[in-house]
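Novice: Below is the structure I would like to discuss, written out as C-alpha cells.
A short reminder: the numbers here are calculations on the coordinates, not readings from a lab. Fair warning: this is a prediction, and the values are worked out from it, not measured in the lab. Every residue, glycine as well, gets a Cβ built from its backbone with ideal geometry; the counts of neighbours run over all protein chains shown.
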Amino acid sequence: MPDAQIVDYRQTTDLERIYPLGSIRKISGQLRFDGQVDARGNTTSVTYELPPEHSATQAFTAAREALQKQDAQLLFWCQARDCGESSLWANEVFGNAKLYGADNGQAYLLLRLAPPADNTLIALYGITRGNRKAYLHVEQFEANASLGNLLPTSATLLRQLKDTGVLDLPRLVGEPDDTWLRLLSRALNLDTGLRVTVAGPQAEAWRQALIDQGVRAARMEAARGDAAGLHLELLR
C-alpha cells in the first residue's frame, strides 16, 4: 500500500500460534470461538498505519484479492460485529493494542497459501480506530509440520460468494465430496434467496448432490464453461 507506514514489526520462532475460525468472545475469563487452527512454527507480523486517503476496508480488500489471485485458500472471513470484540482481537489474538477500534470497523481473514507453500498461513486484520486512523495488520505463519486438511466455514463461503459474486474451488475436480457437500449446502441455505450457476467438469453431479442435501433445485442452474474444479457464480 503506497505511503503506508510500518508502526509495528515482530518475529517469533518455534512458538505455538492459535488462529480463530469464528467470532470471539470471553466467557469466565477464557477466550471462546467456534473453531481454530492451532500449530507451532515461525511468525512474522507487520502492522501498517494507512494514509488518510485509504480506508482499512480498501487495504484489506486489496490484500485479500492479491492473495486469492495466487490461489490462496480462504479459511475464515468475518467483518464488523460478526468478528466479535475488537479489544479481544487486538490484545488477546495479536497482542497489539494499536489494533483496538470500533467493533463495526474491523475485518479479519485467514488464508492458507497454495502448494507447495501450503504450510503457510496469512492472517489479515483491518481496523479503524476511534481517532479515525486506519490500520492493516498482516501476519505470516510458517508451520513446523504439515497443517493437514483445513476447511473453510460455511459462513465464510457464503460471504465470499456474496461479496465477490463467485466461488472458485479448483481442487474439487472429481465426484461430489461428502464433506464439501455439507459445507456448500449449509452455506447456500444460510441465505435461501440466493441463486447460483454451477460450472465445472462435474457440475451436474454437484447440482444434483446439493439438491439431495436440501438446496432447492430452482436456486441452481448448471452452466457450461471450462472452469477447473467447481465454480459457483451468483445470479443477480
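Novice: How large is the dipole of the range 91-236 about the Cα centre if only Lys and Arg carry +1 and Asp and Glu carry -1, each at its Cβ, rounded to the nearest 20 debye?
Specialist: Numbers: 16 positive and 16 negative charges, 132 e Å.
That gives the range 91-236 a dipole magnitude of about 640 debye.
Novice: If I model a spin label at D212 and T192 as a point 7 Å from the Cα along the Cα→Cβ vector, what separation in nanometres do I get?
Specialist: 2.3 nm
Novice: Let me check against my output: what whole-number percent is the relative contact order of the range 5-143, with C-alpha pairs under 8 Å and at least 6 apart?
Specialist: Values: 312 pairs, mean separation 37.2, N = 139.
Over the range 5-143, the number comes to 27 percent.
Novice: Mean separation of Cα pairs under 8 Å and 6+ residues apart, divided by the residue count of the chain: what relative contact order is that in percent? Intermediate results must be reported in sequence, preceding the final value.
Specialist: Numbers: 491 pairs, mean separation 39.2, N = 236.
Relative contact order of the chain: 17 percent.
Novice: Okay, next question. Express in nm, to one decimal, how much length is gained between N149 and D103 on full extension, taking 0.36 nm for each residue of separation and deducting their alpha carbon distance. Kindly include the intermediate steps, with their values, before the conclusion.
Specialist: On the way: separation 46, 0.36 × 46 = 16.56 nm, distance 3.09 nm.
13.5 nm is the gain from fully extending N149 to D103.
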